[in-house]
Amino acid sequence: MALLDEIRLHCESALQMLDSTHDFYSHSKSAWRLSQTLVERGHAISFQNLLTNHTIEGEEIPRLAQNYISGYLATATFQQFVSHFETFIFGFIGSWLNQYPQSLAKKTVEFNEVIQSSDRSEIIDKVVQKELIDLAYGGVRNWFTYLEKLVNLNAVSDGDITTITEIKASRDVLVHNNGIVNTIYQQKSGENARFQVGDSMEIPESYHRSSWESLKSTIQKLSQAAIDKLTD
């Protein structure tokens, strides 16, 4: 597949997954809101989890619904937003490196990997995959610095990068520290930090939406700049 087509595919796939995840959030929230309304109007409703044998009913539903929406639903879909963005970024960089591997010329490969590869493209792909793994641990700002050095798109502002850095740091707190803000979050987020060390990480609806919008916008900016560059 031509690089131009790959970039378009990475973009379309990421935007579609972001939209689908937000649809899930919105539709699930609406379903719980409907349950709240039905209970408030006097309807008898109950939900049973057959695995845990827990049942909720009556006035318990509105209380739990709010917790499910602002807690589990918001945090789970927020984490998915970041995952979709990461898939796009590393797919984008990987496609570019495979097409233009000259920047990897000084990388070394174990001879065993060479003799186990069927051709030159498979060797290149192995080197690219190792490069992406190393890059993944470098932090968001390093991702963009690497991408800019590689492609020179000049499509994303420093403000965009700062925003996404805080978004990724928030996601890391939820995934790796049980939702409790630590010094790593503070260091990564800098002046954009939303919480103090020891606070519980929250994903309010306004932040949930703005994060989704920021990630989508950055994907669109990078993709369009790359497409313009490749078709110039």
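The values are calculated or read from the model by the stated rules, or taken from the named source; none is laboratory data. The model shown is predicted, which means the values in this text are computed figures rather than measured ones. All Cβ positions, even for glycine, are placed from backbone atoms using ideal geometry, and neighbour counts span all protein chains on display.
What is the residue count in the range 140-174 for residues that are acidic (D, E) and within 15 Å of the chain's Cα centre (by Cα)? Lay out the reasoning, then the answer.
So in the range 140-174, the residues acidic (D, E) come out as 148, 158, 160, 166, 172.
Next, only the ones that are within 15 Å of the chain's Cα centre (by Cα) stay: 160, 166, 172.
Count: 3.
Among the residues that make up the range 122-140, is at least one of them of a type in the set (S, T, N, Q), surrounded by 13 or more Cβ atoms within 10 Å (Cβ to Cβ) and within 29 Å of K188 (Cβ to Cβ)? Walk me through how you get there before you give the answer.
First, the residues of the range 122-140 that are of a type in the set (S, T, N, Q): 129.
Adding the requirement that they be surrounded by 13 or more Cβ atoms within 10 Å (Cβ to Cβ) leaves 129.
Restricting the remaining residues to those that are within 29 Å of K188 (Cβ to Cβ) gives 129.
Within the range 122-140, one or more residues are of a type in the set (S, T, N, Q), surrounded by 13 or more Cβ atoms within 10 Å (Cβ to Cβ) and within 29 Å of K188 (Cβ to Cβ).
Would you kindly identify the helices (runs of 4 or more DSSP H) lying entirely within the range 141-232 that contain at least 2 residues that are surrounded by 20 or more Cβ atoms within 10 Å (Cβ to Cβ) and without any contact (Cβ under 8 Å) to a residue 60 or more places away in the chain? Don't jump to the end; show me each part of the working.
Numbers: elements: 158-176, 183-189, 205-231.
Ranges flagged: 158-176, 183-189.
If we keep just the residues of the range 63-93 that are small (G, A, S) and modelled with pLDDT of 95 or more, which is nearest to L135 (Cα to Cα)? Talk me through it step by step, then tell me what you get.
In the first step, residues of the range 63-93 are kept if they are small (G, A, S); the result is 65, 70-71, 74, 76, 83, 91.
Adding the requirement that they be modelled with pLDDT of 95 or more leaves 74, 76, 83, 91.
Working: A74: 28, A76: 25, S83: 15, G91: 12 Å.
Among them, the one singled out is G91.
Mind telling me which of the residues T37, T77, T87, T55 ends up being among the hydroxyl-bearing types (S, T, Y) and within 18 Å of H208 (Cα to Cα)?
Numbers: T37 fails: within 18 Å of H208 (Cα to Cα); T87 fails: within 18 Å of H208 (Cα to Cα); T55 fails: within 18 Å of H208 (Cα to Cα).
Answer to the check: T77.
Please verify whether V127 is among the aliphatic types (A, V, I, L, M), farther than 25 Å from Y72 by Cβ and in contact with a Leu (Cβ under 9 Å, 6 or more places away or on another chain), treating the condition exactly as stated.
So V127 passes the test.
Just give me the residues in the range 33-58 being within 32 Å of the chain's Cα centre (by Cα) and among the hydroxyl-bearing types (S, T, Y), in sequence order.
S35, T52
Does I180 count as at pLDDT 95 or above and touching a Leu at 6+ places or on another chain (Cβ under 9 Å)? Please lay out each step first, then the result.
Working: at pLDDT 95 or above: yes; touching a Leu at 6+ places or on another chain (Cβ under 9 Å): no.
No; evaluated as a whole, the condition is false for this residue.
Let me spell it out: the conditions are (1) more than 29 Å from the chain's Cα centre (by Cα); (2) surrounded by fewer than 18 Cβ atoms within 10 Å (Cβ to Cβ), and S30 meets all of them except one. Which number is the exception?
(1)
Among the residues that make up the range 183-197, is at least one of them within 29 Å of S20 (Cβ to Cβ) and of a type in the set (A, V, I, L, M)?
No, the conditions are met nowhere in the range 183-197.
Spot the failing condition for P101; the list is (1) surrounded by 18 or more Cβ atoms within 10 Å (Cβ to Cβ); (2) closer than 30 Å to A169 by Cβ, and only one is missed.
With respect to (1) surrounded by 18 or more Cβ atoms within 10 Å (Cβ to Cβ); (2) closer than 30 Å to A169 by Cβ, P101 is out only on (2).
Taking only the range 20-60 into account, find how many residues are closer than 30 Å to T87 by Cβ, free of Cβ contacts under 8 Å to residues at least 12 places away in the same chain and not polar (S, T, N, Q). Steps first, answer last, please.
Quick first cut of the range 20-60, residues closer than 30 Å to T87 by Cβ only: 20-32.
Remaining after also requiring free of Cβ contacts under 8 Å to residues at least 12 places away in the same chain: 20, 23, 26-27, 30-31.
Subsequent filtering for residues that are not polar (S, T, N, Q) retains 23, 27, 31.
Selection size over the range 20-60: 3.
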